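The values are calculated or read from the model by the stated rules, or taken from the named source; none is laboratory data. Remember, it's a predicted structure, so these values are computed and weren't measured experimentally. Counting neighbours? That spans all protein chains shown, and the Cβs are built from the backbone with ideal geometry, glycine included.
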Amino acid sequence: MISAIGVELSASTDAAAVAVAARDGQRWLADLMWYGDPDDVVAECSRLSAALEDNCGVFCDPQASAGVLDGLRGAGVWLHLMEATDVSASQFQLVTDVRHRRVKLGGHPALMASARAALPRPVTARFGFQRKQADMSPLNSAAHALWGLRRNEAAADPGVYVI
């Protein structure tokens, strides 16, 4: 089963989130696999990258995860840096997919807390999740993983339509 990893540090940089997305039949699954000290996020991404059989890489917003990029590169994970429009698209797609029941979010407490607190906010001409109410890194890491998985599926199968 193809999977993708998403990573993001909290706005205060006191926590980091690592999520994994995969497909289960017609639905995607996205769950927070690890949430903890940013000093340990590189080791966790490396461990997951090695453990997941058909992993298409680690996807992250380079601005939100800037502090760990060198560590991720040094760990040898297949790192994909998302552009600002990709980050916005990942968040919009997650909202749309949840609304239309195309994705199932896992039950990790930090992921559920950020999902409940998520409020859309305008980012110039883009869409993003409001970071003032709760730590959005769990939800953003899930959105990044799902976005990466969808891009990989679209590249592998020209018949797959990516919304």
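For this structure, a couple of remarks:
- Screening residue 130 against (1) at pLDDT below 85; (2) in contact with a Phe, Trp or Tyr (Cβ under 9 Å, 6 or more places away or on another chain) leaves a single unmet condition, (2).
- Counting only strands (runs of 3 or more DSSP E) wholly contained in the stretch 20-128, the ones carrying 1 or more residues that are in contact with an Asp or Glu (Cβ under 6 Å, 6 or more places away or on another chain) and β-branched (Val, Ile, Thr) occupy 103-105.
- Residue count for the stretch 22-56, restricted to those that are aliphatic (A, V, I, L, M) and farther than 16 Å from residue 79 by Cβ: 6
- Any hit, the stretch 145-163, residues being at pLDDT 85 or above, surrounded by 16 or more Cβ atoms within 10 Å (Cβ to Cβ), within 17 Å of residue 21 (Cα to Cα) and of a type in the set (S, T, N, Q): yes
- One residue from 43, 110, 21, 64 being within 14 Å of the chain's Cα centre (by Cα) and modelled with pLDDT of 95 or more: 21
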